[in-house]
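**Student:** Sharing a structure, written as structure tokens. Questions coming.
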Amino acid sequence: MEILIITLSLAAAILVGGMAKQRKNVEIASVAAGIVSFAASISIALRVSASGTYAPSAFFSIDALGAIVILIISCVGLAATAYSVPYLRAETEKHIIGFKRVRQYFMLLNLFIAAMYVAVAASSPVLAWIAIEMTTLSTVFLISFYNKPASMEAAWKYLIINSIGLLLGFFGALLYFTSTNALGDGLVSWQSLLVNASHLDPLIVKIAFIFVLVGYGTKVGLAPMHTWLPDAHSKAPVPVSALLSGVLLNVAFVIILRFKYVTDASIGPAFAQNLLMTLGILSIFIASLIILTQKNYKRLLAYSSVENMGIIALGFGFGGLGVFAAILHMIYHSLLKSALFLSSGTIFLKFSSTKIARIRGVMTALPVTGILFFVGFFAITGAPPFGVFYTKLSILTAGIASHPVIAIAALAFMALVFVGFFQHATAMLFGDKPEEIETGERSVWLIVPPLVLLVIAFGLSLHVPQFMYGLINEIASK
Amino acid sequence: MNLLTTSLLLDIVFLTIIFLNFSRKNVQVAYAYGLQSLAIAAIMFKAYLETGSQPLLMLVVIIVAIKVIAAPIFFVRLVRKHNLAFSVSTYMNIPLSLIVLAALTSLSSSRQLAPLVNLVPANSALLSIAFSGLLLSLFSIVNGKGALSHIIGVLSLENSIVVFALLAGLEQSVGLQLGIIFDIFTWIVVATMLASMIYEHFGSTDVSDMQHLKD
């Protein structure tokens, strides 16, 4: 029922976006869909927490992992939609976009969010693949939104690289279906794959998981398949960047994890864990080097996402406590990275540049946004008391006994990321602002969404509600 | 229809993929994709004749409408609109490309990949060709510099996966296949529009000319 409410509300927002003559109606419909979806997502999470997997129809089945990611989609989705309203108004005032583009933006944004819900809630890997492919198609024109050569190039790279990745992932998924040949209507569900995992040929499973990891890993942004990510995330409008970085990467990760469970049930956990560890440490390594020398703050945030996806992969690779910490890390990263992207949008509106060298004195020019960005930077790099400190520590602790070299290397690369981030953030935030830049926030509504995300992240760092704790525990116990 | 017919149709798919790797005329590339899709539709039609499933027949009709008729029309219109009669060059020259294609084709018959092609032992030779089609399509995307060759390479990769699934008995329910076809149709529309926009911005569809993401 809740999934129906979510999809219908988003579909209504898309329709209003297509037909409305007034900007206000498009904005109200989108924000209302976000609020409805958020309420429905909490209801889903409570339901799954209380009575296990929730399957409202043959096409949808939501387990603990799905419930957590649906919560993330709804929370960040609402914040990004709410932020889009003043952000796009500011861009219209600057004559960057007109009403037609605003309508297109909200239609594609709602389609993108709806596709992410379906991908996570789908009971079938093929349905999930269709939805993930739809996330690519709905975001291509959001990445090329500003109609500039660089954004066209980013959109093209995004489309081609992700499409190849998803096709390879689809091929891998099909190989898992060799275990399930008697399924009536032909709808192979995640559950049936899991039940029949023992019938799979071990060599086929290994080949299949490699295809899935490379394919969906491209969408997750794991190195070395990450090359599209910094370009796409830096060229899209910031609310879209927040969703791409904070949500979409996790949605694709969910698919990898679901295939990991099937692989583990067939050939044991070591194979998938080793691959995840390898890609995880490689992602952290590459991101740390590039962050150190980064010149563009949106790309800086994008590479930080590559690093954090690497940390999550490492957590699942180490196993045990690492899995629990990886899920928590996924939640914290989504909230913090989205808050950082949204804050960076306000900085962009003020300074009209994404080059770090051109941004000085943010604390003076934008006192509240400056603080939000500063807090977000400390939180995402793992400074206490934010939860990322705890999750990084737990993941490294989980790995130190079994894989000490990888754990220590990861710690060293994370330290590099902190140094790189610190250097860039202090350069942007402090010092004298350029004289032509006026002091003062543009709108309170540009502050509220990132502030709320940071407050939620901070709250969850101090206390994880019982129902969420139960869901995370259930995922970790798989 | 017998195994020989399937083998013949698969050969058409494979040869069109080889053709995509070497042809420099964009219109011919678009028609080659149409022919490739027609061969796949024929393999599916064979399955319809065996099962008599009406939804399967509907699927074949939709595949013909989208992949055999609509997609080539889209591509030919793109070519004519921007005068893209000849595709841009590839990264590798023809002799080197031939060596890579030969290596990839033999890789699909290697012992390491034996479990894949032996999924259905009776079809192992056909599965080997289908899998090499997948690798060759991938190579055509990596090696090509033109946006259209990227688009058709991706679609050819999808066709190779479809034919592999058909021969390995891994095809999905008609409902899901319709969903996939709808996705592919949307993909074709989006990719063609974006390629057109790229031409308008860069004056060419040579993706190696796109150098604006250096920061």
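**Student:** Being outside any helix (DSSP H, G or I), within 14 Å of chain A (Cβ to nearest Cβ) and surrounded by 14 or more Cβ atoms within 10 Å (Cβ to Cβ) narrows it down to one of B:L136, B:L119, so name that one.
**Tutor:** Of B:L136, B:L119, the one residue that is outside any helix (DSSP H, G or I), within 14 Å of chain A (Cβ to nearest Cβ) and surrounded by 14 or more Cβ atoms within 10 Å (Cβ to Cβ) is B:L119.
**Student:** Taking helices (runs of 4 or more DSSP H) that do not extend beyond region A:220-317, which have at least 1 residues that are polar (S, T, N, Q), crowded, with 23+ Cβ neighbours inside 10 Å and more than 14 Å from chain B (Cβ to nearest Cβ)?
**Tutor:** Per the criteria, A:238-243, A:249-267, A:270-292.
**Student:** Here is a follow-up. Which numbered condition in (1) touching a Gly at 6+ places or on another chain (Cβ under 9 Å); (2) farther than 21 Å from A:I437 by Cα; (3) part of a helix (DSSP H, G or I) is the only one that A:F377 fails?
**Tutor:** (1)
**Student:** Which residue is farthest from A:A119 (Cα to Cα), if the candidates are limited to region A:15-28 and must be touching a residue at least 24 places away in the same chain (Cβ under 8 Å) and touching a Ser or Thr at 6+ places or on another chain (Cβ under 9 Å)?
**Tutor:** Per the stated criteria, the residue is A:R23.
**Student:** Can you find a residue in region A:75-86 that is over 20 Å from the mean Cα position of the chain (by Cα) and either within 14 Å of chain B (Cβ to nearest Cβ) or not hydroxyl-bearing (S, T, Y) (or both)?
**Tutor:** Yes - at least one qualifying residue is present in region A:75-86.
**Student:** Condition check: over 22 Å from the mean Cα position of the chain (by Cα), facing chain B (nearest Cβ under 9 Å), in contact (Cβ under 8 Å) with a residue 24 or more places away in the chain and buried (at least 23 other Cβ atoms within 10 Å of the Cβ). Does A:V188 satisfy that?
**Tutor:** yes
Condition check ((1) out of contact with any strand residue (DSSP E or B) (no Cβ under 6 Å at 6 or more places or on another chain); (2) at pLDDT below 95; (3) buried (at least 22 other Cβ atoms within 10 Å of the Cβ)) across all residues:
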{"residue": "A:P384", "(1), (2), (3)": "yes, yes, no"}
{"residue": "A:A409", "(1), (2), (3)": "yes, no, no"}
{"residue": "A:G420", "(1), (2), (3)": "yes, yes, yes"}
{"residue": "A:F430", "(1), (2), (3)": "yes, yes, no"}
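**Student:** If a residue must be assigned to a helix (DSSP H, G or I) and closer than 15 Å to A:D63 by Cα, how many such residues does region A:105-122 contain?
**Tutor:** The qualifying residues number 5.
**Student:** If A:L194 satisfies all but one of (1) within 11 Å of another protein chain (Cβ to nearest Cβ); (2) surrounded by fewer than 23 Cβ atoms within 10 Å (Cβ to Cβ), what's the number of the condition it fails?
**Tutor:** (1)
**Student:** Restricting to region B:71-116, name every residue that is in contact (Cβ under 8 Å) with a residue 40 or more places away in the chain and in a loop (DSSP other than H, G, I, E, B).
**Tutor:** Within region B:71-116, B:H82, B:L84, B:A85, B:S87, B:V88, B:S89, B:Y91, B:M92 qualify.
**Student:** Quick one: what pairs do we get from region B:189-212, first residue at the interface with chain A (Cβ under 9 Å from one of its Cβ atoms), second of a type in the set (V, I, T) and not in a helix (DSSP H, G or I), C-beta under 9 Å, 6+ apart or different chains?
**Tutor:** So the pair list comes out as B:A195/B:T205; B:I198/B:T205; B:V207/B:V88.
**Student:** Identify the residue in region B:140-164 that is in a helix (DSSP H, G or I) and surrounded by fewer than 20 Cβ atoms within 10 Å (Cβ to Cβ) and, among all such residues, is farthest from the other protein chains (Cβ to nearest Cβ).
**Tutor:** Of everything passing the filter in region B:140-164, B:N143 is farthest from the other protein chains (Cβ to nearest Cβ).
So that you can scan it fast, the table gives a plain yes or no per residue for (1) at pLDDT 95 or above; (2) over 17 Å from B:S160 (Cβ atoms); (3) touching a helix residue (DSSP H, G or I) at 6+ places or on another chain (Cβ under 9 Å); (4) surrounded by fewer than 17 Cβ atoms within 10 Å (Cβ to Cβ):
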position: B:L4; (1), (2), (3), (4): no, yes, no, yes
position: B:N26; (1), (2), (3), (4): no, yes, yes, no
position: B:A30; (1), (2), (3), (4): no, yes, yes, no
position: B:L38; (1), (2), (3), (4): yes, no, yes, no
position: B:L49; (1), (2), (3), (4): no, yes, no, yes
position: B:L56; (1), (2), (3), (4): no, yes, yes, no
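**Student:** Right, here's the next one. Those residues that are of a type in the set (A, V, I, L, M, F, W, C), facing another protein chain (nearest Cβ under 7 Å) and in contact (Cβ under 8 Å) with a residue 24 or more places away in the chain, I need them from region A:145-173; list them, please.
**Tutor:** Residues satisfying the conditions are A:A150, A:A154, A:A155, A:I164, A:L167, A:F170, A:F171.
**Student:** Residue by residue through region A:73-107, note down the ones that are crowded, with 23+ Cβ neighbours inside 10 Å and within 30 Å of A:F467 (Cα to Cα).
**Tutor:** Selection gives A:I73, A:S74, A:C75, A:V76, A:G77, A:L78, A:A79, A:A80, A:T81, A:Y83.
**Student:** Of all residues in region B:165-186, count the ones that are within 7 Å of chain A (Cβ to nearest Cβ) and either polar (S, T, N, Q) or touching a strand residue (DSSP E or B) at 6+ places or on another chain (Cβ under 8 Å) (or both).
**Tutor:** Result for region B:165-186: 3.
**Student:** Is it fair to say A:L142 is in contact (Cβ under 8 Å) with a residue 40 or more places away in the chain, more than 7 Å from chain B (Cβ to nearest Cβ), crowded, with 24+ Cβ neighbours inside 10 Å and within 29 Å of B:V189 (Cβ to Cβ)?
**Tutor:** yes
The values are calculated or read from the model by the stated rules, or taken from the named source; none is laboratory data. Owing to the predicted nature of the structure, the values given are computational and were not obtained by experimental measurement. As a convention, Cβ positions derive from the backbone with ideal geometry for all residues, glycine included, and neighbour counts pool all protein chains shown.
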